[in-house]
Ligand SMILES: NC(=O)c1ccc[n+]([C@@H]2O[C@H](COP(=O)([O-])OP(=O)(O)OC[C@H]3O[C@@H](n4cnc5c(N)ncnc54)[C@H](OP(=O)(O)O)[C@@H]3O)[C@@H](O)[C@H]2O)c1
């Protein structure tokens, strides 16, 4: 059955091809939105997924649905504001599977929308902690586990592990509506490129995606604070509509797969042309 977008236009559907067969993938921000769509997609593509977020009830329901579909899914409680909780989540993956092939660092929070001069110190601190520092903590723990993977190839070209960070179109240029969010996402782009260069020698690829407007709760929260923003975002997209969460997850799946074996340090737009 054809799915429709926020503007009522059809969204193409895809069939599983086993893109992530045999891989263990950790997904943060998996309780809803892009992360939940990624959980379904990665599992359908053959990955054993470990789902992380604060809302453990939502994670359990999601994992249950994935298992009913024949997939492999476990859950772990994770608060991105708490470094110890992030390291514990990666430890949990090691206990469950003894390895980590892919990490989709996707969890993040939106700031109170508004101009630079009214952005609060609390928002700056939260954006730094949850949307930037957490990714540094997560990536370093993940890379350490990936380096311990049994059979980790010494040859960087031989197909090792991969990390994908969710940045944003809002990182690419001035961001007058979400200044702290945009700044931390741009910092994440830098960290992504640095990690890619640093860990290439261990066969770990690191990339980021920069989604444009995507129909999730994050946009609903922005719409509540700034009525009309959904329509305004749709109007800026050359393809004429916001992305559905699965369409963003598809790009992360490819970047995590061996099909992207020569792609590292890339910031890949998933924005319907809005950043072009
Ligand atoms: N939607 C868009 O238009 C858009 C555009 C560009 C980029 N992005 C990015 O895409 C990613 C996914 O966003 P989304 O649109 O799917 O948003 P969403 O529906 O609001 O989901 C955000 C996810 O992050 C998790 N999260 C938030 N704070 C957390 C914390 N302190 N600890 C652990 N998990 C936390 C949430 O889980 P819990 O609340 O259960 O913890 C939830 O699973 C984010 O990185 C976002 O910045 C979104």
Order the peptides 175-183, 41-49, 144-152 from the highest to the lowest mean number of other Cβ atoms within 10 Å of their residues. 41-49, 175-183, 144-152
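Out of all DSSP beta bridges with both ends in the chain, state the antiparallel percent to the nearest 5.
Details: 2 of 31 bridges.
The answer is about 5 percent antiparallel.
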Sort 230-236, 4-10, 72-78 by packing, meaning the average of other beta carbons within 10 Å per residue, with the highest value first. 72-78, 230-236, 4-10
Return the inverse of the average 1/r over all pairs of distinct C-alpha atoms in the chain, which is the Kirkwood hydrodynamic radius, in Å to one decimal. 18.7 Å
Applying a 10 Å radius around every beta-carbon, put 198-210, 117-129 in order of their mean neighbour count, most first. 198-210, 117-129
Rh (Kirkwood, all Cα-Cα pairs) for the stretch 98-233, Å, reads 16.0 Å
Top of 102, 212, 22 by mean-square fluctuation, Gaussian network on the chain, Cα under 10 Å: 22
Taking springs between alpha-carbon atoms closer than 10 angstrom, which of 211, 12, 113 fluctuates most in the Gaussian network model of the chain? 12
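Can you give the helix-only mean residue ellipticity at 222 nm for the chain, where every DSSP H stretch with n ≥ 4 adds -39500 (n - 2.57) and the sum goes over all residues, rounded to the nearest 500 deg cm²/dmol?
Numbers: 9 runs with 111 residues, N = 276.
One gets -12500 deg cm²/dmol as the mean residue ellipticity at 222 nm.
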What whole number of Å gives the distance from the Cα centroid of the stretch 195-271 to the Cα centroid of the stretch 13-61? 16 Å
Under a plain spin-label model, where a point goes 7 Å from the Cα along Cα-to-Cβ, how far apart in nm are residue 190 and residue 67? 4.4 nm
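Only the coordinates and a few stated rules stand behind these numbers; no lab work does. Note that the coordinates shown come from a computational prediction; the quantities given were computed from them, not determined experimentally. Note that we place each Cβ from the backbone using ideal geometry, even for glycine, and neighbour counts take in every protein chain shown.
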